[in-house]
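Here the structure comes first, spelled out in structure tokens, and everything after it is commentary.
The values are calculated or read from the model by the stated rules, or taken from the named source; none is laboratory data. What you see is a predicted model; the values in this text were computed from it and never measured. No Cβ is skipped: glycine too gets one built from the backbone with ideal geometry, and neighbour counts run over all protein chains shown. The area values use the complete protein model at the heavy-atom level, side chains included, leaving out ligands, DNA and RNA. Shrake-Rupley method; radii C 1.70, N 1.55, O 1.52, S 1.80 Å.
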Amino acid sequence: MGMACHGSGGLLATSGADRKVLVWDVDGGFCTHYFKGHKGVVTSIMFHPDVNKSLLFSGSDDTTVRVWDLLAKKCVAVLEKHFSAVSSMAVSEDGWTLLSAGRDKVVNLWDLHDYRCKSTIPTYEVLEAVCIVYSGSQFASSLGAFLQQSGKKKSRSTGIYFITAGERGIVRIWTSEGAVCLYEQKSSDVTVSSAEDEDSTRGFTSAVTLPLDQGLLCVTADQQFLFYSPAEHLEEKWSLKLTKRLVGFNDEIVDMKFLDEEEQYLAVATNLEQVRVYDLSSMSCSYVLAGHTDTILCLDTSISSNGRRLILTGSKDNSVRLWESERRCCIGLGIGHMGAVGAVAFSKKCRDFFVSGSSDRTIKVWNFDGLSDDIEEPISLKAKAVVAAHDKDINSLAVAPNDSLVCSGSQDRTACVWRLPELVLVVKFTGHKRGIWCVEFSPVDQCVITASGDKTVKIWAIADGSCLKTFEGHTSSVLRASFLTRGTQFVSCGADGLFKLWTIKTNECISTYDQHEDKVWALAVGKKTEMLATGGSDAVINLWHDSTAAEKEEAFRKEEEGVLRGQELENALLDAEYTKAIQIALELRRPRKLFELFSELCRKREAGDHIDKALHALGKEEFLLLFEYIREWNTKPKLCHVAQSVLFRAFNILPPTEIIEIKGISELLEGLIPYSQRHFSRIDRLIRSTFLLDYTLLRMSVIEPTTQDDLKTRSLLHSEKNMEDNAEEDQKQVSEEQKPKASGKKRKSHKSGDHSRSHKKVKDSSTHANTAAVPLQA
């Protein structure tokens with residue numbers, strides 16, 4: 001529920017709904033003190049501003065203030081004087097007076113010497129914040145000068161000046177001497193919607209004086225920061241001026257328009273009765289226009305013939321209001337519609353009238369008669385033409401560039417073009433299958449663009465009412481569409497949260513932007529630079545700038561730089577500076593050139609040293625890119641050898657601890673592993689096949705022996721060959737001896753043949769015996 005920092009910066013105190021107060025060591029992150037004693041939610045907490053005084057103050061909705069001693073780690077006093085929750089506390093400049101503000105509409109002053117209540121100041125307002133005005137600050141000096149000038153300040157004043165803020169949404173300055181209110185704002189700057197519950201928190205919820213004389217910061221319940229500082233001119237009366245308003249939550253943005261041709265201010269309509277005007281340079285809310293009694297649904301802006309910036313608004317209160325931006329006041333009020341005004345549009349050329357469309361299905365034309373520069377009260381505007389235009393609510397209106405026509409789009413799925421100022425029907429566009437949300441005239445052609453709930457955008461010819469083009473691409477209702485670049489392009493946004501840019505000639509969606517999380521209700525197009533603004537249900541305002549020229553220039557610059565770097569790459573190759581060439585190839589993202597470099601390195605002697613030298617110069621991002629290329633090379637059998645060589649050297653250089661730190665390396669390794677296993681299996685099969693070739697060549701005596709084992713094998717083979725040669729010679733000699741005997745004999749019977757064969761076997765055995773004896777003789 002509350003936090004406070006110690007003056008030394010080393011301690012942080014927190015208070016919560018658990019009725020506890022905790023003190024934390026900021027550097028160590030541990031709890032140093034744990035205080036119990038409050039009987040309710042601890043709503044506020046603060047350290048004593050003097051770092052030498054170890055005191056901590058806490059206020060609770062049990063109506064008490066407790067004082068804790070950090071050194072003794074105990075409660076030293078319980079201050080009981082309030083009758084409601086204590087919302088804020090402050091310590092005087094001398095350090096001996098504690099101010100406590102509560103929701104019982106009083107401020108109590110406590111003496112820190114004996115912890116007694118010195119005085120009670122009634123404020124007649126539920127307070128949320130109390131702040132001390134320190135001497136020497138801009139507040140104190142300007143206020144003191146004004147009081148001295150007015151005679152209200154005594155020569156030796158001992159009072160304490162303090163500021164209060166609460167539910168009324170006004171800032172008041174008090175002095176403790178006499179409990180006098182020195183200053184009170186005339187009106188509140190807090191914007192509150194009437195649609196909010198009556199019991200909801202209104203006004204300020206917190207306030208603090210900023211250091212370095214930056215003024216007073218007040219916080220509202222609807223997440224707005226209001227910055228106040230003393231007014232510079234104090235001749236008449238001292239006052240505070242609102243220097244800046246930061247809006248933290250816009251609610252649902254329903255419409256927006258640029259305020260002038262310089263596109264410095266943006267008028268925004270949200271789910272409030274006020275119009276917020278933003279300064280685009282700082283995105284702070286410059287001012288708020290309040291006057292409607294219900295939610296504003298639409299707005300338009302224009303510059304009058306005499307140079308005044310005008311804002312036109314239509315609201316659920318069935319009225320239209322005309323505002324002057326410079327004076328920030330309403331100058332005209334148009335009453336006459338019987339339903340919520342959902343569409344308004346200024347004239348484009350003469351700028352002396354405007355049109356409005358309502359849920360009562362009528363269109364009204366209003367003129368500026370009676371408007372003057374020195375008007376004090378808003379005048380009543382008169383309608384000079386009325387027509388019952390549609391069968392359902394009118395969602396959009398657009399006036400032609402020459403002020404001769406006005407186009408209306410309705411929920412009855414039709415758009416109509418009317419002749420001004422009599423509002424005579426010229427043509428009716430039928431073809432959409434859902435209600436039409438937006439209409440606009442082309443700035444150069446006789447055509448109208450319409451955006452519909454049927455997810456399409458159509459362009460219609462005014463001459464015959466025919467549909468010229470239909471654009472499809474949105475996935476939900478198209479809520480806004482507007483022409484760009486002299487009618488050659490247009491932008492659209494819809495309920496799908498998408499913002500699309502289209503080219504009319506080719507019916508092509510050039511680009512789609514997804515910067516919103518909900519429906520995009522509002523679209524504003526600048527007239528000078530065509531800067532765009534979009535807003536929607538996600539309470540976000542996005543500003544868009546035309547980046548065509550910048551992108552072309554960037555592309556040309558990159559191309560020029562690429563040419564120069566490419567020349568450096570070729571020079572490095574000619575100079576054999578492979579390390580530099582590899583770095584440039586990686587920088588230019590040229591994987592083919594990089595592969596050629598590594599291939600050339602692999603063919604050189606001492607290829608490993610060359611590759612190691614090149615890889616040592618790479619960083620982690622370059623290694624990640626290199627691994628991506630290696631993954632691609634590894635998938636192709638013709639390129640895998642170089643990829644595996646580079647991968648092997650990279651894994652030798654980088655330890656595993658550094659490899660796993662490379663972002664995205666796991667996915668790359670998952671892609672490398674299966675192909676590497678496939679290549680390994682293929683090469684393993686090839687190696688096994690070479691064993692058979694080696695054996696065959698060895699048996700053919702083609703391979704010269706080089707080892708001792710090969711010499712032994714060769715000697716054995718030579719011995720076997722000699723043995724075979726001797727055996728053949730012996731067999732020839734025996735056969736010659738047998739020839740004379742066998743020639744004189746006739747062939748015997750089968751038995752004698754068997755005998756001869758047995759005799760031959762004996763001879764063969766003897767031959768084998770002689771053959772076996774040959775090595776011994778040798």
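Quick look at the values:
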item	result
Residues of region 79-97 satisfying the condition of being part of a strand (DSSP E or B) and free of Cβ contacts under 8 Å to residues at least 40 places away in the same chain	Leu79, Glu80
Residue in region 374-396 that is least open to solvent (accessible area, probe 1.4 Å), counting only those that are more than 15 Å from Gly339 (Cβ to Cβ) and of a type in the set (S, T, N, Q)	Ser396
Some residue of region 546-557 being part of a loop (DSSP other than H, G, I, E, B) and either touching a residue at least 60 places away in the same chain (Cβ under 8 Å) or within 30 Å of Arg276 (Cα to Cα) (or both)	yes
Filter result for Trp418 (among the hydrophobic types (A, V, I, L, M, F, W, C), surrounded by 20 or more Cβ atoms within 10 Å (Cβ to Cβ) and farther than 27 Å from Lys458 by Cβ)	no
Selected residue (only one of Leu615, Leu569, Leu601, Leu624 is in contact with a Phe, Trp or Tyr (Cβ under 9 Å, 6 or more places away or on another chain), touching a residue at least 24 places away in the same chain (Cβ under 8 Å), in a helix (DSSP H, G or I) and farther than 30 Å from Gly526 by Cβ)	Leu615
Filtered residue count, region 60-77, keeping only those that are within 14 Å of Tyr34 (Cα to Cα), in contact with a His (Cβ under 8 Å, 6 or more places away or on another chain) and open to solvent by less than 20 Å² (accessible area, probe 1.4 Å)	2
Pair list, Cβ < 6 Å and 6+ apart or interchain, from region 46-57 residues that are at negative phi and of a type outside the set (A, V, I, L, M, F, W, C) to residues that are part of a loop (DSSP other than H, G, I, E, B) and open to solvent by 40 Å² or more (accessible area, probe 1.4 Å)	Ser54/Leu71
Within region 115-134, considering residues that are open to solvent by 10 Å² or more (accessible area, probe 1.4 Å) and of a type in the set (S, T, N, Q), the one nearest to the chain's Cα centre (by Cα)	Thr120
Elements of type strands (runs of 3 or more DSSP E) in region 24-65, at least 3 residues being of a type in the set (A, V, I, L, M, F, W, C)	42-47, 55-60
Leu371 closer than 25 Å to Gln274 by Cβ, open to solvent by 10 Å² or more (accessible area, probe 1.4 Å), at pLDDT below 95 and outside any loop (DSSP other than H, G, I, E, B)	no
Conditions (1) open to solvent by 40 Å² or more (accessible area, probe 1.4 Å); (2) at negative phi; number of the one not met by Met89	(1)
Selected residue (criterion: most open to solvent (accessible area, probe 1.4 Å)) from residues of region 22-41 that are within 37 Å of the chain's Cα centre (by Cα) and of a type outside the set (D, E, K, R)	Phe30
Strands (runs of 3 or more DSSP E) (entirely within region 127-216) containing at least 2 residues that are within 28 Å of Arg103 (Cβ to Cβ) and at pLDDT below 90	180-184
Top-ranked residue of region 287-305 - restricted to ones that are assigned to a strand (DSSP E or B) and open to solvent by 40 Å² or more (accessible area, probe 1.4 Å), ranked as modelled with the highest pLDDT	Leu297
